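Report on one structure; see the data block that follows.
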Amino acid sequence: MKIKWLKTLGMGLAFSAAATTAQADTLRVVTDPSFVPFEMMDQATGKMIGFDMDILAEVSKRAGFEYDLNTMDFNGIIPALQTGNVDMALAGITITEEREKIVDFSDPYYDSGLRILVRADNDQVEEITDLEGAKIGTKIGSTSYNFLMETLEKDGNVTPYPGSSDMYMALMSGAVDAVFYDAPNVGYFSSTRGQGRTKTVGPLYEGQQYGIALKQGSEWIDEVNAALAEIKADGTYKSIYEKWFGKMPDSQ
């Protein structure tokens, strides 16, 4: 399990150990740095930024905790929560029945789905069935990988990658024919680094909701849910959403 520890200033203030103990609990929080624009490393500052990071900052302030942030590969996040090595995670984590058996989830804070990404000159793929027999890149431990395993009869050509940048590089180099992954992530790549060279195709598959994951039995679940409800009610959530994704649809 690859782990990188980051010194986090929470709401932009550095606290001494004594002050932190006196003012608030400090939770161990993890994220996956490759899920843009939800979480990514700002190369200029060396700090994690993104939609999830802004949500975390607001939730921590309103729920009353400080946090130490570290990064790890996505497939290690749920096991880390399950073993109690960390307290909380935000990484575009889809709420599923299987995961709910071993960790706690907050109320949903983002509606999503899965989408196909191909090279711009590929006119052969319009829906998931067109990927039968094709070389497909997706992410290790993701719901998109599970969906492909359950949906495609010929799944031997599905390659799971540790990070989203790896699978996008594979698509651009021709190592895979398509990428199948979370819609906001593939859409963001296609409109930024992949602009003019890639395109998203087909409908959204398997409607999903992201939640903040906590270790099972966490005492913070009620405070986190209250904080999420508050930022949605007072317009803070809308401001954060539109900062990273543009105009917020009614579904959010």
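With the charge dipole of the chain set up from +1 on Lys and Arg Cβ and -1 on Asp and Glu Cβ about the Cα centre, the Cα lying farthest toward the positive end among the listed residues L69, I128, A80 is that of L69. Computed about the Cα centre, the dipole magnitude for segment 153-252 is approximately 520 debye when only Lys and Arg (+1) and Asp and Glu (-1) carry charge, each at its Cβ. What is the percent of Cα-Cα separations in the chain that go past 29 Å? The proportion of pairs with Cα distances above 29 Å equals 30 percent. Looking at segment 161-252, the trypsin sites (Lys or Arg not before Pro) that sit in a DSSP loop and have at most 10 other Cβ atoms within 10 Å of their own Cβ are K247. Listed cross-link partners K61/K243; K135/K232; K61/K215; K101/K247 are compared with a 31 Å cut-off, the Cα-Cα value being larger for K135/K232; K101/K247. Residues whose amide H falls under 5 Å from that of L27, counting only those 5 or more places apart or on a different chain, are E66, Y67, D68, with hydrogens built in the peptide plane. Only Lys, Arg, Asp and Glu carry charge here, each on its Cβ (+1 for the first two, -1 for the last two); on that basis segment 107-198 has a dipole of about 460 debye about its Cα centre.
With a 1.4 Å probe rolled over the protein heavy atoms of all chains, the accessible area of M72, M169 falls in the order M169, M72, largest first.
Ranked from largest to smallest solvent-accessible area, with a 1.4 Å probe on the protein heavy atoms, D182, D68, D42 come out as D68, D42, D182. Estimated at the nearest 10 Å², the accessible area of S164 is 0 Å² with a 1.4 Å probe. Between exposed GluC sites (Glu not before Pro) in the chain, where DSSP calls loop and at most 15 other Cβ atoms lie within 10 Å, what's the longest gap? Within the chain, the longest run free of exposed GluC sites (Glu not before Pro) spans 1-125. Charges were assigned to the Cβ only: +1 to each Lys and Arg, -1 to each Asp and Glu. The resulting dipole of the chain about its Cα centre is roughly 880 debye.
The values are calculated or read from the model by the stated rules, or taken from the named source; none is laboratory data. Worth saying up front: this structure is predicted, and the values here are computed from it rather than measured. Heads up, the Cβs are rebuilt from the backbone with ideal geometry, glycines too, and the neighbour counts pull from every protein chain shown. Accessible surface areas use protein heavy atoms only, side chains included; no ligands, DNA or RNA. Shrake-Rupley method; radii C 1.70, N 1.55, O 1.52, S 1.80 Å.
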